Amino acid sequence: MVFLFGPVIQAQETDLNVILQMIYSFAFIIYLFYAQKIQTFQMLRQIEVTLRKIKNLKEEARNQTIKTLVEIGKPSGDIAPRVDRFMDFFGIGLENMDPAGIVDKMDHFLKTSKHIYEAEVRVLAPNATPTERNNLENLIEVSQALNIYYKVIRHFYLLGKKTMNIYIIMQINMILPQLIQMVEAYSSGIQAFQEGMPIGDGVGAIVAAKLMHGYPQRDIAEEIVAAEVPYEGRTLIVFKAKGPGGSVGNPDEGLINILNERKGKVKIIITVDAAGKLEGEPVGQVSEGIGAAIGGSGKEKFKMEEVTNKYKIPMHAIAIKQGMEHVVAPLVEPLFDATDKAVESVKRIVMEYTEPGDTVVVAGIGNTMGVGQ
Amino acid sequence: MGEKKGNMASAAGMTASWIAYAAILIVGLLSLFSLYMGFINYAENVDIAIIYIFIGAAGFAAIGYMLLRGKPNVAKQEPLDVKKVEVYTTLECPKCQQKRVRDFKRGDFVFKDDEPCTRCDGMMMITKIARKKEEEKKKEELSWL
């Protein structure tokens, strides 16, 4: 611009023109040296705005958790300090320098963690029923997750501010939209866990419940219930986490017990679970594939794959697609309706891949909160 | 909560925002002056007047950019809060197929025998629990996808 208008300004040599030319030159020099600094400040401000929102959210989650614990559990005395202490509860990740045997260690680790949560909730909510206790465990986990998100973002914000290192600030700034999505997803679970409503992750459990409802049921593993369902001359052994409390159970142990009981005489295994959808895919789309449809730590998947490989049983998978925002939020209608489509998919796979007299195992994977059987 | 929100603003953050506002004010005044000079010089010297007007317009454009760019995208989004959604429970009588829909209440779960049927002597069972449909969002021009 200075080059463009320079000749004109020079042609009119007035004091004002000289001042304006100086201002422009000065602004140019400032921008040359401080552009990155200005960008850093802008990014810091973006992080600060988000951080304030997340702080409000995690405090709201904490307050709601305490309120629900008091309402349901009717504890004697003030539980707030104990809840605050438990908000900082952590699990030290397993050492994987020598990964052999890490799955069993993971199993032990997860069981210890579950035991700790159960014990803590028993103290915080002494009058809660087992179902309510399961839901309260989940509620505490959501509050803990929000607390962790807040602390990690705050860490990078303060570190960036202290060092004014654009690369530290940039890495948190670039993933802010995803972080907000995750925080929103967790926060939408608070209402569901407070009230014990079915959540998006529970679609697999609903499919299993629809298949096994009305048939005699028995416990086959920790928090896992199964039923034998006759269907077109075949026997379907359907299992899911025991509801209606918020639990995912130990489906790997359930499957191992069933297969060992039947000495591997099972034609196919069908796993049904919620799966993350890609942008553009509709909520509630039912897709079919092969493999173990199960998320979590990987321990369950590993054990399921191991046992099916031992008996060489084909494993079919049915995925009910949903966004991150649906996973722990109260179930949306398209997802509930998708469970009917998934039931039809299970029946079609049974008809196409098995003969009368065969046995089929159907595993409904996911959190069974708000879902009976 | 509001008080806490206010307390959260760090001193550095406040300083930064005041500097930004002061810069906007100064640039605004200079731009206004430049535009004024442009208009009063227009009759006498068109070349100089155009330069003044250009500088004034550029100044206001810079202010607009600062205001828009200064507000982060995340701040423009809906405020983050613990959302409460309406959830309904559908009950059906297995005997007479009578159907009833009511608001969800704590303790409801799918396949729970909940209440006696009002039409026959059967028990109504909860067959569905789902979130009420949100208002349909405006259809985006993405149908080709």
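The values are calculated or read from the model by the stated rules, or taken from the named source; none is laboratory data. Computed from a predicted model, the values in this text were never measured in an experiment. Neighbour counts run over all protein chains shown; Cβ positions are idealised from the backbone, glycine included.
Of A:ILE140, A:ILE190, A:ILE153, which residue is within 12 Å of chain B (Cβ to nearest Cβ), surrounded by 23 or more Cβ atoms within 10 Å (Cβ to Cβ), farther than 19 Å from A:GLY276 by Cβ and not acidic (Asp, Glu)?
A:ILE190
If I filter the stretch A:212-220 for residues that are closer than 25 Å to A:THR68 by Cα and at pLDDT below 95, do I get at least one hit?
no
Inspect the stretch A:201-222 for any residue being out of contact with any Phe, Trp or Tyr (no Cβ under 9 Å at 6 or more places or on another chain), within 14 Å of chain B (Cβ to nearest Cβ) and among the hydrophobic types (A, V, I, L, M, F, W, C) and give the result as yes or no.
Looking for residues that are out of contact with any Phe, Trp or Tyr (no Cβ under 9 Å at 6 or more places or on another chain), within 14 Å of chain B (Cβ to nearest Cβ) and among the hydrophobic types (A, V, I, L, M, F, W, C), one finds at least one in the stretch A:201-222, hence yes.
State all residues of the stretch A:241-267 that are crowded, with 24+ Cβ neighbours inside 10 Å and touching a Leu at 6+ places or on another chain (Cβ under 9 Å); if no residue qualifies, say none.
A:GLY246
Of the conditions (1) within 17 Å of the chain's Cα centre (by Cα); (2) surrounded by fewer than 24 Cβ atoms within 10 Å (Cβ to Cβ), A:PRO198 satisfies every one except a single condition; which number is it?
All conditions are met except number (2).
Please state which of the following conditions A:SER188 fails to meet, knowing it meets all the rest: (1) assigned to a helix (DSSP H, G or I); (2) under 11 Å from A:VAL238 (Cα atoms); (3) not charged (D, E, K, R).
Status for A:SER188: all satisfied but (2).
Scan (1) modelled with pLDDT of 90 or more; (2) under 31 Å from the mean Cα position of the chain (by Cα) for the single condition B:LYS84 breaks and write down its number.
Here B:LYS84 clears every test but (1).
Only one of A:ASN147, A:ASN134 is surrounded by fewer than 24 Cβ atoms within 10 Å (Cβ to Cβ) and either more than 12 Å from chain B (Cβ to nearest Cβ) or closer than 30 Å to B:ASP103 by Cα (or both); which?
None of the others qualify; the one that does is A:ASN147.
Would you check which residues across the stretch A:191-225 are outside any helix (DSSP H, G or I) and among the hydrophobic types (A, V, I, L, M, F, W, C) and list them?
A:MET197, A:ILE199, A:ILE220, A:ALA221, A:ILE224, A:VAL225
Among what's in the stretch A:1-46 and is in a helix (DSSP H, G or I) and among the charged types (D, E, K, R), pick the residue that is modelled with the lowest pLDDT.
A:ASP15
Please find, among A:ARG45, A:ARG62, A:ARG133, A:ARG52, the residue that is among the basic types (Lys, Arg) and over 24 Å from the mean Cα position of the chain (by Cα).
Exactly one of A:ARG45, A:ARG62, A:ARG133, A:ARG52 is among the basic types (Lys, Arg) and over 24 Å from the mean Cα position of the chain (by Cα), namely A:ARG45.
Per-residue answers, yes or no, for (1) within 20 Å of A:MET22 (Cβ to Cβ); (2) modelled with pLDDT under 55; (3) β-branched (Val, Ile, Thr):
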residue: B:GLY13; (1), (2), (3): no, yes, no
residue: B:SER17; (1), (2), (3): no, no, no
residue: B:TYR21; (1), (2), (3): no, no, no
residue: B:ILE63; (1), (2), (3): no, no, yes
residue: B:LEU68; (1), (2), (3): no, no, no
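Taking strands (runs of 3 or more DSSP E) that do not extend beyond the stretch A:275-373, which have at least 2 residues that are among the small types (Gly, Ala, Ser), on the phi > 0 side of the Ramachandran plot and surrounded by 19 or more Cβ atoms within 10 Å (Cβ to Cβ)?
Once the strands (runs of 3 or more DSSP E) in the stretch A:275-373 are filtered for at least 2 residues that are among the small types (Gly, Ala, Ser), on the phi > 0 side of the Ramachandran plot and surrounded by 19 or more Cβ atoms within 10 Å (Cβ to Cβ), nothing remains.
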